[in-house]
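Data block below; observations after.
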Amino acid sequence: MSGLADLLTVWTTTRAAGITCYLLLFLSTAAGILTGLKLFGPKTRAAVLFIHQSSGWFGFLFGALHGSVLLFDQYVGYNASELLIPFTARSHPVLNGLGTLSFYVALLLIASSDMMKRIGKKAWRAIHFLAFPGFAMGLVHGILLGTDTQEIWMKWTYVATAGVIVVLTVFRIVVPRPAGAAKTKAKAAA
């Protein structure tokens, strides 16, 4: 049984949860951008939207696990306020603060999506643009604070995921929307 106990240390659990959180939030961000492009038919778009929503939720949950497990860390010794209040951690306050803010952005995106009918689509869309800085903060947090960054596979993971988000974002900005979307936008403005 000590083999399993050795694998499930605070350190390995928080690292695994952090990497899993990052990958799920990458998937959610990429799927969200793809959903907004409106390139797919209804069935494919529904599948991409499902991936966007479920990976966002699971990413948020793994982010909560990532932070919660740090309460049991004996090496640094985080307390709840250091993990919940951005930029208050004794160890790497800025980098830990970016991770906390990224977590709160994910929470805000999920909450605003659940309340979209109440807050309106325009407010929801404005809030949803926070996904870009939220992803960037998580990326910086992982690159500069993650102990696995020194591993070549993790370096390439960060390069590939950041590259995909940049390419999709540029594509979203440069490629014009389909004619139907322009009509809908014009109707909403009138």
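For the chain, the longest principal axis of the C-alpha atoms and the axis of helix 93-114 are separated by about 40°. Using the Stokes-Einstein relation with a Kirkwood hydrodynamic radius computed over Cα pairs, the translational diffusion coefficient of the chain at 4 °C and a viscosity of 1.567 mPa s comes to 72 µm²/s. Of all stretches in the chain that contain no chymotrypsin sites (Phe, Trp or Tyr not before Pro) in a DSSP loop with at most 12 other Cβ atoms within 10 Å, the longest one is 1-74.
Since only T147, F58, L39 are under comparison, the one whose Cα sits farthest along the positive direction of the charge dipole of the range 9-185, derived from C-beta charges on Lys, Arg, Asp and Glu, is L39. Within the listed set G36, G120, G77, the residue fluctuating most in the Gaussian network model of the chain (springs between alpha-carbon atoms under 10 angstrom) is G120.
All of the numbers you see were taken from the coordinates with simple rules; none came from a lab. No experiment lies behind these values; they were computed from the predicted model shown. For neighbour counting, all protein chains shown are included, and Cβ atoms are generated from backbone atoms with ideal geometry for every residue, glycine included.
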